[in-house]
Amino acid sequence: MTVNGAQQSAEVEPRLLLVHFLRETLGLTGTHVGCDTSNCGACTVHLNGEAIKSCTLLAAQADGAEIKTIEGMGQEGALHPLQEAFWEHHGLQCGYCTPGMIMASADLLQRNPKPNEEEVREALAGNLCRCTGYHNIVKAVLAASES
Amino acid sequence: MSAVAEPWVGQPLKRKEDPRLIMGRARYIDDINVTGQLWASFVRSPEAHAKITSIDTTEAKAFGGVHAVFTGNDLDLEAPLPMAWVPPGVEVKNPPHWALAKDEVHHVGDPVALVIGSDRYAVVDAAQQVYVEYEPLPVVVDLEQAYEGGDLVHADLGTNQCHEWSLGGGDLEAGFAAAEVVVERRIVNHRTAGAAIEPRGVLADYRAGSLTLTSSTQVPHFLRLFLALQLGISEDRVRAIAPEVGGGFGSKLQIYGEEIALAWASRKLERPVKWVESRSEGMLATHHGRDQIAYAKIGATRDGKITAYHTKILQDLGAYLMLLTPTIPSLGAFVMSGVYDIPAVQTDIIGVFTNKMPTDAIRGAGRPEATHQIELMIDQLADELGMDRLELRRKNFMAPESFPHETALGIVYDSGDYPKALDTLLELADLEAVKAQAAPGKLRGIGYSTYTEICGLAPSRVTGPSGFGLQTGLWESALVRVHITGAVTVYTGTSPHGQGLETTMAQIVAQRLGCDPQNVEVIHGDTGTGPQGLGTYGSRSTAVGGESVARATAKIVDKARQIVAHQLEAAVDDIELIDGKFAVKGSPDKGMTIGEISGAAYIPENLPDGMEPGLEEQAFYDPENFVFPFGAHGCVVEVDPDTGNVDVIKYAAVDDCGPAINPKIIDGQVHGGIVHAIGQALFERIHYNEDGQLVTGNFADYALPSAADVPSFDLDRTETPSPVNSLGVKGIGEAGTIAASPAITNAVLDALRPLGVTFINMPLGPQRVWEAIQEAKA
């Protein structure tokens with residue numbers, strides 16, 4: 001598969017989850033695990049351009065796919081507009097859910113570049129945050145949609 | 001470093017810690033692996049109460065990649081798991097709680113064996129091959145049943161009652177005799193989970209006689225102490241590290257058996273061992289919170305003057321006492337009378353064992369329960385008196401001019417202006433107008449909550465020797481080092497997990513040194529590098545930890561002024577910080593920046609005779625009193641009477657935590673706190689069935705609020721400095737959680753009043769609300 005633009009190849013156990021492949025085989029630890037029922041969304045990445053929960057997919061199922069993780073979004077000095085917006089609008093506290101939130105938000109903005117507040121809230125309903133009360137996350141996504 | 005003249009304190013700066021978090025570059029416990037590391041998996045009891053008759057580990061030991069399987073009797077620890085804080089002068093029954101159960105299990109999830117092997121997936125498989133035989137024993141789940149003589153959780157104690165503790169002041173009997181109206185309610189504050197999105201994890205690495213233990217903990221220094229005591233090794237041979245911690249909310253304020261068991265196993269195997277809980281495992285075995293029933297009674301005169309308030313509280317302790325378990329309701333008892341001047345107050349606390357996971361501190365710890373009780377009782381009393389509930393509140397507020405205010409309990413509230421908070425709330429949001437816009441067929445209600453909390457835990461003078469039973473001082477210390485180049489490193493004993501303390505503390509230091517907060521690095525969470533401290537909880541990090549940083553910085557400033565006076569041949573008293581330079585009053589252009597001073601400070605020939613070189617100072621700070629943040633919250637909810645569904649339409653909050661060091665961070669914490677309490681009020685409930693099986697064992701069954709479930713919030717602040725510390729700060733991390741559950745509940749009751757519903761307990765899920773409506777109709 002291609003991960004953040006780089007070709008990756010490995011032989012894996014059939015049952016290895018994509019999230020563990022990314023984190024442990026490739027060392028891309030920005031994608032997090034927060035639950036085991038696909039409810040929290042901390043493991044959200046893009047597969048062929050769409051947000052998916054990487055704990056619900058086997059690594060083998062992503063064979064040949066194009067994967068993007070938080071590490072592929074933006075770098076210091078060249079942050080993705082969503083990363084900038086989360087920073088500016090204090091859309092994170094402990095930061096654990098943040099990579100998943102940013103990946104889910106990026107997916108929303110691809111599909112709907114000018115969402116309203118309700119659409120942002122609906123789009124992020126599959127990503128749980130315990131710190132921010134969502135207020136500033138929503139604000140950040142709306143701000144990013146303006147930029 | 002360029003000279004700057006910013007008043008850093010009070011600015012809504014973007015957080016210093018964020019770049020690593022938004023780029024996925026932070027290192028949480030599960031991101032950390034070391035060479036030679038093994039993986040651990042725990043075998044947990046499926047029974048709520050049973051004797052362990054045998055454990056067969058043969059097959060598990062033979063499983064590919066497995067290095068060892070340990071059971072409770074293998075672990076030769078010095079003592080059971082710690083319970084550190086005891087209510088004063090009280091006999092507390094403390095059944096032994098081992099890192100691995102020895103011969104009896106007392107709740108589902110009680111760990112009975114530890115499997116260690118080379119692969120993360122394989123140890124989970126191998127754990128399935130550990131065969132445990134249980135002989136089931138009677139199970140008691142219901143709190144009132146357990147209290148009233150149900151089956152025993154610990155047969156040898158002869159009772160489920162752990163302890164009784166009362167805190168009271170004033171003449172209760174006279175108070176109720178003087179009352180013309182008395183209202184009594186049974187108020188349930190149900191069991192919830194902290195539910196930090198990052199699961200817990202531990203990496204224990206014992207080599208050459210020293211243990212390094214990395215854990216998703218809020219209290220690395222406590223952890224080091226107890227690891228040393230449990231393993232029987234010297235404290236200086238133990239280093240505890242809290243890496244990036246993905247939320248805590250009290251659920252990581254604990255010394256967990258997994259931390260002790262892994263440390264023991266690492267020493268035994270001479271290999272690093274790592275464990276990360278699954279969410280389902282965490283729901284079973286990470287401590288829960290709340291879970292108390294209060295029988296509350298409030299008396300008042302007809303014109304609304306409250307004369308007495310009494311609560312009897314049953315606290316569900318779960319099956320064992322953990323670090324702070326019996327102390328949690330006591331924290332609530334200190335502020336049981338809330339923001340009201342009540343002449344006679346008493347709380348009788350009874351701790352009760354049940355066959356469930358232990359309860360302990362969850363965001364607010366005791367104070368949300370106390371606030372929920374008094375704020376519900378105020379609305380109930382107002383109904384009974386036929387009086388406006390805000391008028392009733394105003395009539396009983398402690399007067400702003402009465403601070404410092406000693407309550408009937410002998411607790412001294414430091415500062416407060418409760419009428420102003422309420423006035424500000426009413427200016428902030430026109431809740432009546434929002435209430436009037438209910439959709440056809442729907443009912444809207446307004447709920448208020450005016451609150452205070454006791455935080456900045458804790459003054460040792462009060463908590464240590466004389467009074468409330470905390471068996472330790474709870475000071476903080478800080479070390480501030482100005483490097484030769486002028487860069488500043490601050491080491492703090494507190495251990496944040498999302499509160500933005502790196503930024504807050506950098507602002508405190510930058511303000512005093514006249515430098516840029518970007519040049520101030522804040523190091524925390526490592527007993528090997530930092531100074532001592534007692535962790536992050538109880539909204540103490542800025543009020544206690546931040547004050548220790550301010551005090552260490554003040555010592556730097558003292559020395560800096562002496563150096564500048566010597567360099568400029570001026571009097572020390574004439575040197576002050578002007579436009580980013582330490583200079584003689586009246587001639588700021590000749591001054592020196594902190595970078596220039598530190599450059600000089602490391603070269604002894606620049607210094608006055610006898611002065612030590614360097615620019616580095618430490619301070620310990622033990623507060624004289626607690627601090628008492630306060631505020632007023634109000635909200636509008638809409639109830640669908642056909643389905644019982646409750647929507648939060650509007651939520652407004654005015655909080656006062658003293659001067660805001662970073663308003664952005666403060667607002668963020670209030671938002672999070674409000675949603676935490678909305679979660680408890682409407683969605684979240686840890687539910688065990690009557691057999692003691694956890695029904696809400698993962699995020700599919702335990703409903704955390706999502707972005708779609710809550711609105712955005714209107715916030716404002718008042719600013720009443722605390723006289724307790726030099727920053728005037730109080731604390732904000734728990735305010736929203738403390739204030740919001742009664743506001744939501746009162747709003748739902750307000751909405752249902754036209755239907756004849758007078759009282760319902762949380763959680764106000766659709767079924768409960770619908771049933772209350774049907775009962776009122778019948």
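The values are calculated or read from the model by the stated rules, or taken from the named source; none is laboratory data. Please read these numbers as outputs of a predicted model, since none were measured by experiment. Every residue, glycine among them, receives a Cβ derived from its backbone with ideal geometry; neighbour counts consider all protein chains shown. Quick note on the areas: whole protein, heavy atoms, side chains included, nothing else; ligands and nucleic acids left out. Shrake-Rupley method; radii C 1.70, N 1.55, O 1.52, S 1.80 Å.
Applied to the stretch B:520-531, the Karplus parametrisation 6.51 cos²θ - 1.76 cosθ + 1.60 on θ = phi - 60° returns per-residue 3J(HN,Hα) values of 10, 9, 10, 10, 8, x, 9, 5, x, 10, x, x Hz, with x for Gly and Pro. So what is the relative contact order for the stretch B:610-657, in percent, with contacts set as C-alpha pairs under 8 Å and at least six apart? Computed value for the stretch B:610-657: 35 percent relative contact order.
Between B:T529 and B:Q437, the simple spin-label model (points 7 angstrom out along Cα→Cβ) gives 5.1 nm.
Using a probe of 1.4 angstrom, how much of the accessible area of the stretch A:1-71 is carbon and sulfur, in percent?
Details: 1420 of 3060 Å².
Carbon plus sulfur share of accessible area: 46 percent.
Averaged over peptide A:118-131, the number of partner chain Cβ atoms lying within 10 Å of each residue's Cβ comes to 6. For the stretch B:548-648, the set of chymotrypsin sites (Phe, Trp or Tyr not before Pro) satisfying both a DSSP loop assignment and a count of at most 16 other C-beta atoms within 10 Å is given as B:Y602. Considering only alpha-carbon pairs that sit under 8 angstrom and 6 or more positions apart, the relative contact order computed for the stretch B:1-132 is 39 percent. Annotation: amide H of B:W39 within the under-5 Å range of B:G117, B:S118, B:D119, B:K274, sequence separation 5 or more or interchain, hydrogens built in the peptide plane.
Can you list the residues of the stretch B:195-216 whose accessible area drops by at least 50 Å² going from the chain on its own to the full set of protein chains, with a 1.4 Å probe? Those residues are B:I197.
As a test of understanding, state the convex hull volume per residue of chain B from its alpha carbons, in Å³. Please report the intermediate quantities before stating the final value.
Details: hull volume 132.5 nm³, N = 778.
Each residue corresponds to 170 Å³ of Cα convex hull volume.
Any chance you could check the Cα centroid distance between the stretch A:1-16 and the stretch B:106-174 for me, in angstrom? Each part's Cα centre sits 44 Å from the other's.
Give the shape of the stretch B:47-194 as rounded, prolate or oblate, defined through the alpha-carbon gyration tensor: a ≥ b ≥ c are the square roots of its eigenvalues, a/c under 1.5 means rounded, and otherwise the shape is prolate if a/b is larger than b/c and oblate if not. Provide the component values of the computation, followed by the final result.
Details: a/c = 2.82, a/b = 2.66, b/c = 1.06.
Prolate is the answer for the stretch B:47-194, as a/c is 1.5 or above and a/b outweighs b/c.
Expressed as a whole percent, the accessible surface of the stretch B:268-384 that belongs to carbon and sulfur atoms is 46, based on a 1.4 Å probe. Computed from the C-beta positions of B:Q693 and B:E576 and an R0 of 56 Å, the FRET efficiency is 0.25 to the nearest 0.05.
Across peptide B:668-678, how many C-beta atoms of other chains are within 10 Å of each residue C-beta, on average? Display every interim value, and only then the final one.
On the way: counts 10, 5, 2, 10, 10, 2, 2, 7, 3, 1, 1.
Averaged over the peptide's residues, the number is 5.
Label sites at B:R186 and B:D74, each approximated as a point 7 angstrom past Cα along Cα to Cβ, lie 4.7 nm apart.
Here B:W39 sits with roughly 30 square angstrom of accessible surface, probe radius 1.4 Å.
In chain B, taking the dipole from charged Cβ atoms about the Cα centre, the farthest positive-side position among B:A261, B:P80, B:I563 is held by B:I563.
Can you give the charge dipole size of the stretch B:32-157 about its Cα centre, rounded to the nearest 20 debye, using +1 on the beta carbon of Lys and Arg and -1 on the beta carbon of Asp and Glu?
Numbers: 6 positive and 19 negative charges, 104 e Å.
It comes to approximately 500 debye.
Projected label points at B:R27 and A:E11, each 7 Å from Cα along the beta carbon direction, are separated by 3.2 nanometres. Under 5 Å from the amide H of B:D526 lie the amide H atoms of B:A242, each residue being 5 or more positions distant or on a separate chain, with H modelled from the backbone and absent for Pro and chain starts.
Amide H to amide H distances under 5 Å link B:A113 with B:V43, where only residues 5 or more positions off or on other chains count and H is placed in the peptide plane.
Per DSSP H run of n ≥ 4, the term is -39500 (n - 2.57); total these for the protein assembly as shown, divide by its residue number, and report the mean residue ellipticity at 222 nm rounded to 500 deg cm²/dmol.
Details: 23 runs with 242 residues, N = 925.
Taken over the protein assembly as shown, the calculation gives -8000 deg cm²/dmol.
Starting with the highest mean, order B:208-214, B:349-355, B:604-610 by the number of other Cβ atoms within 10 Å, averaged over the residues of each peptide. Mind dumping the intermediate values first?
Numbers: B:208-214: 17.3, B:349-355: 27.0, B:604-610: 10.7.
Ranking, from highest mean packing down: B:349-355, B:208-214, B:604-610.
For the stretch B:752-778 and the stretch B:575-633, write down the distance between their C-alpha centroids in whole Å. Centre-to-centre (Cα) distance: 60 Å.
Counting heavy atoms of the protein chains only and a 1.4 Å probe, report the per residue accessible area for the stretch B:167-212 as a whole number of Å². Each step should come with its number before you reach the end.
On the way: 1660 Å² over 46 residues.
About 36 Å² of surface per residue is accessible.
Sequence-ordered 3J(HN,Hα) estimates for the stretch A:19-27 from the Karplus curve with 6.51, -1.76 and 1.60 and θ = phi - 60° stand at 4, 6, 4, 5, 6, 9, 7, 9, x Hz, glycine and proline given as x. Taking each residue as 0.36 nm, the span from B:E135 to B:E91 lengthens on full extension beyond its C-alpha to C-alpha distance by 12.7 nm.
Taking square-rooted eigenvalues a ≥ b ≥ c of the alpha carbon gyration tensor, is the stretch A:1-86 rounded, prolate or oblate, where a/c under 1.5 means rounded and, failing that, a/b exceeding b/c means prolate?
oblate
Please calculate how many Å² of accessible area the stretch B:478-604 carries per residue, with a 1.4 Å probe and no DNA, RNA or ligand atoms counted.
On the way: 4120 Å² over 127 residues.
That works out to 32 Å² per residue.
Using the Cβ-Cβ distance between A:E50 and B:E771 with R0 set to 51 Å, the FRET efficiency from 1/(1 + (r/R0)^6) comes to roughly 0.75. Ratio of Rg to Rh for the stretch B:738-778: 0.97 [Cα atoms; Kirkwood radius as inverse mean 1/r over pairs].
Rounded is the label for the protein assembly as shown. Its Cα gyration tensor axes, ordered a ≥ b ≥ c, give a/c under 1.5. For the chain pair A and B, the interface hides roughly 4500 square angstrom of accessible area in total, found with a 1.4 Å probe. Accessible surface for the stretch B:215-281, divided over its residues, is 25 Å² per residue with a 1.4 Å probe. Candidate cross-link partners of B:K51 among the aspartates and glutamates, defined by an alpha-carbon separation under 16 Å and a same-chain spacing of 8 or more, comprise B:D103, B:E104, B:D110, B:E133, B:E135, B:D151, B:D156, B:D691.
Across peptide B:582-595, the average count of Cβ atoms from other chains found within 10 Å of a residue's Cβ is 0.
Only Cα pairs under 8 Å and at least 6 apart count here; give the relative contact order of the stretch B:157-241 as a rounded whole percent. Please report the intermediate quantities before stating the final value.
On the way: 54 pairs, mean separation 16.9, N = 85.
Relative contact order, the stretch B:157-241: 20 percent.
Quick check for you: which residues of the stretch B:597-641 have the amide N under 17 Å from the point 7 Å beyond the Cα of B:T485 toward its beta carbon? B:597-602, B:615, by backbone N distance to the label point.
Working note: Karplus 6.51/-1.76/1.60 with θ = phi - 60° gives the stretch B:169-183 the couplings x, x, 9, 4, 4, 4, x, 6, 5, 7, 6, 9, 10, 10, 10 Hz, where Gly and Pro are set to x.
Suppose the chain between B:K61 and B:V124 were pulled fully straight at 0.36 nm per residue; how much longer would it get relative to their current alpha carbon spacing?
Result for the pair: 21.4 nm of gain on full extension.
For the stretch B:353-440, trypsin sites (Lys or Arg not before Pro) are listed when DSSP marks them as loop and at most 15 other Cβ atoms sit within 10 Å of their Cβ; the list is empty.
Go ahead and run the numbers for FRET between B:D647 and B:D171, Cβ-Cβ distance against an R0 of 56 Å, rounding to 0.05. Intermediate values should be presented prior to the final figure.
On the way: r = 45 Å, r/R0 = 0.81.
E between B:D647 and B:D171, to the nearest 0.05, is 0.80.
The charge dipole of the stretch B:548-587, taken about its Cα centre with unit charges on the Cβ of Lys, Arg, Asp and Glu (plus for the first two, minus for the last two), comes to roughly 220 debye. Of the GluC sites (Glu not before Pro) found in the stretch A:1-108, those that fall in a DSSP loop while having at most 12 other beta-carbon atoms within 10 Å are A:E11, A:E76. The distance linking the stretch B:20-50 with the stretch A:66-94 is 25 Å (Cα centroid to Cα centroid, whole angstrom).
What you get for the stretch B:441-582, charging only the Cβ of Lys and Arg (+1) and of Asp and Glu (-1), is a dipole of about 560 debye around the Cα centre.
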